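Reviewing the structure listed below.
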Amino acid sequence: MNLAFREIRHKLGRFVLTCIGLSLLLGVVVTMAGIYRGQTADALALVRSIGADAWVVEAETHGPFAEASRIPGDTREMIARINGVLAAGSITIQTIQADHGSRRLRLQVVGFEPGRPGGPARIATGREITRGHYELIADVQTGLTPGETLRLGRRTFTVVGLTRGSVTLSGDSIVYTTLRDAQELQFEVSAPASRREVARGAQHTATDIINAVILRISPNVPVDSVADDVRRWKHLSVLTQAEQETILTTTVIERARRQLGLFMGVLTLVSAVIIALIVYTLTMDKLREIATLKLIGAPDRTIIGLIVQQALMMGVIGFVFGASLVFAAKDWFPRRVVLEPTDLVTLFGIVVIVCLLASSLGVRLAMRVEPGRALVG
Amino acid sequence: MESPPPSSQPLVELSGISKHFGEGAARVDALHGVAMTISAGEVVGLLGPSGSGKSTLLNVIACIVEPSEGRMLLDGEAVFDGRWLRRDLRRLRLEKIGFVFQTHNLLPFLDATDNVALAMTLTGEGLDAARRRAWELLDYLQVGHRRYAMPAQLSGGEAQRVAIARALANRPRIILADEPTAALDSVRAGIVMDLLSRLAREQQAAIVTVTHDEKIMDRLDRIFRLRDGRLNA
Ligand SMILES: Nc1ncnc2c1ncn2[C@@H]1O[C@H](COP(=O)(O)OP(=O)(O)OP(=O)(O)O)[C@@H](O)[C@H]1O
Ligand SMILES: [Mg+2]
């Protein structure tokens with residue numbers, strides 16, 4: 001008969017309360033892992049949504065997402081002539097705020113040239129941008145619906161389509177509009193600055209600045225040869241899609257791993273201490289029963305089993321319950337939470353190890369109990 | 001002190017058993033050169049004032065307390081001779097010794113049946129068989145109707161009888177009881193003592209019980225009196 005289970009059943013209320021507390025704690029740990037994966041997934045979704053083979057950006061930058069990149073507006077025409085480039089499209093990127101009803105949205109506006117690379121890869125509902133002016137494709141996360149209007153700068157834009165999962169590294173929603181509208185918006189928002197540049201005799205006015213050129217490259221031509229051609233312009237550099245993905249994920253990983261890793265470590269430690277204390281008090285509460293077991297001749301393995309199994313039950317139930325809770329609630333989190341099976345298995349393994357370590361305290365206490373203790377009234 | 005029937009086999013044999021706790025000024029001599037032989041089928045009582053060493057002696061026989069010197073045989077096997085001769089004392093207890101405590105000491109999270117059955121399963125017996133035997137024992141001790149009761153729901157006498165059933169679970173040759181009747185009224189105390197006597201005869205066990213209880217003296221085959229750790233007949 002399983003003594004661990006029988007004792008828990010005898011004091012079910014206390015055990016359930018303990019498990020609930022533990023599951024909330026472990027749920028937070030699971031959430032941290034999920035947010036970390038979510039950020040990575042968001043970062044990848046961002047670069048992949050554009051569907052490029054290579055990115056032309058300002059020399060010595062990792063643009064346009066991880067770092068600012070500003071290149072002249074005519075770059076696209078020059079690049080398009082390079083052997084192997086199937087298609088090229090300019091994009092601009094800027095972050096602006098807009099009021100939508102009572103909410104203030106933080107948006108990243110991507111300006112692209114319809115018909116050229118750089119626009120949304122897939123539209124979930126609605127249609128592409130067809131008219132030249134003041135149309136938007138927004139991410140569902142904004143809460144906008146097709147047909148709605150949104151004021152950006154001095155213009156009113158109409159939402160015509162929705163994408164899913166277009167989110168920036170900081171969790172802002174992405175909206176797409178035409179390059180021309182976006183540049184106009186950029187000029188309006190940063191008007192004084194660009195006017196000053198013009199006054200200084202800058203070659204390109206703000207309206208003629210883009211942030212990157214998106215390339216589709218022929219499968220018959222190596223990306224490297226195209227890149228070499230582009231790099232002959234000293235003010236330009238090229239990132240392949242793979243490089244872009246690495247940059248974004250490592251940017252995210254560097255920041256998120258350190259932050260979330262720290263939190264997860266601390267919380268796991270806290271859980272370990274809590275489990276150890278619970279196991280210890282549970283053992284304290286049954287010293288007499290343990291003495292009785294020793295007296296009637298139960299081997300150590302029975303007694304260790306009692307303690308370790310209870311610790312494991314607590315940890316496993318807490319973890320499963322906590323993870324289920326997060327799984328059920330993950331769509332209500334403000335940031336994307338992605339629960340990877342491998343992460344869950346790893347965390348589960350950690351929880352099991354923590355339980356085993358934590359129960360050693362209780363086991364040592366139990367081993368010291370004298371069987372004669374059961375005899376004292 | 002009447003001598004045991006010559007035919008009977010000695011189950012507990014002590015010679016020159018001493019036990020002291022602590023050293024120097026704090027030294028307490030709990031037992032002093034105790035020698036005794038208890039045979040199968042006997043019910044013996046340990047009497048003496050408080051602090052005279054009764055519990056200590058019982059614990060020595062139970063292999064819970066290590067004597068400071070002396071020699072001890074249980075069921076014909078040399079168990080102690082200046083040191084323990086067996087490493088698995090708990091196994092020895094499990095197989096040969098049953099305990100009845102002053103307070104019943106049942107495991108609060110198991111019902112009456114499983115408190116008894118647990119001791120049997122520890123020797124490797126299957127749970128179903130163990131439970132069936134537990135019911136037989138509970139019936140024998142006239143608490144069969146309480147087989148599914150948790151210890152907290154049992155009266156003192158019922159709990160004590162369940163505890164005795166547990167002590168008998170593995171058919172021990174030696175049953176040790178420390179004031180088994182202290183918590184019972186005289187009627188119940190009589191029932192418990194009758195039961196122990198019957199057990200001793202039916203199962204050819206040796207029963208050693210510590211008691212202060214005058215009302216059960218007449219049910220003991222022999223009485224050992226302890227004073228300051230020394231045995232005087
Ligand atoms: N673990 C121990 N450590 C130190 N001294 C002990 C220990 N156990 C018993 N003693 C001492 O040994 C002596 C005998 O104790 P024991 O418990 O055997 O007496 P007893 O006859 O059972 O008394 P009571 O009738 O009160 O139960 C006492 O002086 C007691 O203080
Ligand atoms: Mg005593």
Give the residue that is least open to solvent (accessible area, probe 1.4 Å), with candidates limited to residues of segment B:94-123 that are acidic (Asp, Glu) and at the interface with chain A (Cβ under 8 Å from one of its Cβ atoms).
-> B:ASP114
Please indicate, with yes or no, whether at least one residue in segment B:141-160 is touching a residue at least 60 places away in the same chain (Cβ under 8 Å) and away from ligand 1 (no atom under 16 Å from the Cβ).
-> yes
Hey, any hits in segment B:121-131 for a residue that's closer than 20 Å to A:ARG288 by Cβ and outside any helix (DSSP H, G or I)?
-> yes
Just wondering, is there one or more residues in segment B:187-199 that are open to solvent by less than 10 Å² (accessible area, probe 1.4 Å), more than 15 Å from the chain's Cα centre (by Cα) and within 16 Å of ligand 1 (Cβ to nearest atom)?
-> no
Going through segment A:294-304 in order, the residues found to be open to solvent by 10 Å² or more (accessible area, probe 1.4 Å), touching a residue at least 24 places away in the same chain (Cβ under 8 Å) and either within 12 Å of another protein chain (Cβ to nearest Cβ) or touching a Lys or Arg at 6+ places or on another chain (Cβ under 7 Å) (or both) are A:ASP300, A:THR302
Of the listed residues (A:THR163, A:THR178, A:THR145), the one being out of contact with any strand residue (DSSP E or B) (no Cβ under 6 Å at 6 or more places or on another chain), modelled with pLDDT of 85 or more and crowded, with 18+ Cβ neighbours inside 10 Å is A:THR178
Check A:VAL57, A:VAL28, A:VAL16 and return the single one that is within 30 Å of A:VAL85 (Cβ to Cβ) and more than 14 Å from chain B (Cβ to nearest Cβ).
-> A:VAL57
Evaluate the following for A:LEU44: is it part of a helix (DSSP H, G or I), under 19 Å from A:GLY318 (Cα atoms) and away from every other protein chain (no Cβ under 14 Å)?
-> no
Matching residues, segment A:67-95, being surrounded by 18 or more Cβ atoms within 10 Å (Cβ to Cβ) and either under 17 Å from A:LEU169 (Cβ atoms) or polar (S, T, N, Q) (or both) = A:SER69, A:THR75, A:SER90, A:ILE91, A:THR92, A:ILE93
From the list A:SER170, A:SER194, pick out the single residue that is at pLDDT below 85, part of a helix (DSSP H, G or I) and either of a type in the set (Ser, Thr, Tyr) or surrounded by 15 or more Cβ atoms within 10 Å (Cβ to Cβ) (or both).
-> A:SER194
Could you grab me the full set of residues in segment B:168-186 that are more than 16 Å from ligand 1 (Cβ to nearest atom), within 13 Å of another protein chain (Cβ to nearest Cβ) and open to solvent by 10 Å² or more (accessible area, probe 1.4 Å)?
-> B:ASN170
Evaluate the following for A:LEU260: is it surrounded by 18 or more Cβ atoms within 10 Å (Cβ to Cβ) and either within 14 Å of chain B (Cβ to nearest Cβ) or among the basic types (Lys, Arg) (or both)?
-> no
Among B:ARG71, B:ARG91, which is the only one that is open to solvent by 10 Å² or more (accessible area, probe 1.4 Å) and without any contact (Cβ under 8 Å) to a residue 24 or more places away in the chain?
-> B:ARG91
Here the residues within segment A:350-377 that are assigned to a helix (DSSP H, G or I), open to solvent by 30 Å² or more (accessible area, probe 1.4 Å) and either among the aromatic types (Phe, Trp, Tyr) or modelled with pLDDT of 85 or more (or both) are A:ILE350, A:VAL352, A:ILE353, A:LEU356, A:LEU357, A:SER360, A:LEU361, A:ARG364, A:MET367, A:ARG368
Just checking, how many residues over segment B:26-47 are open to solvent by less than 20 Å² (accessible area, probe 1.4 Å) and of a type in the set (Gly, Ala, Ser)?
-> 5
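The values are calculated or read from the model by the stated rules, or taken from the named source; none is laboratory data. None of these values were measured; they are calculated from a predicted model. Cβ: placed from backbone, ideal geometry, glycine included. Neighbour counts: every protein chain shown. Just the protein is used for accessible areas: all its heavy atoms, side chains included, with ligands, DNA and RNA removed. Shrake-Rupley method; radii C 1.70, N 1.55, O 1.52, S 1.80 Å.
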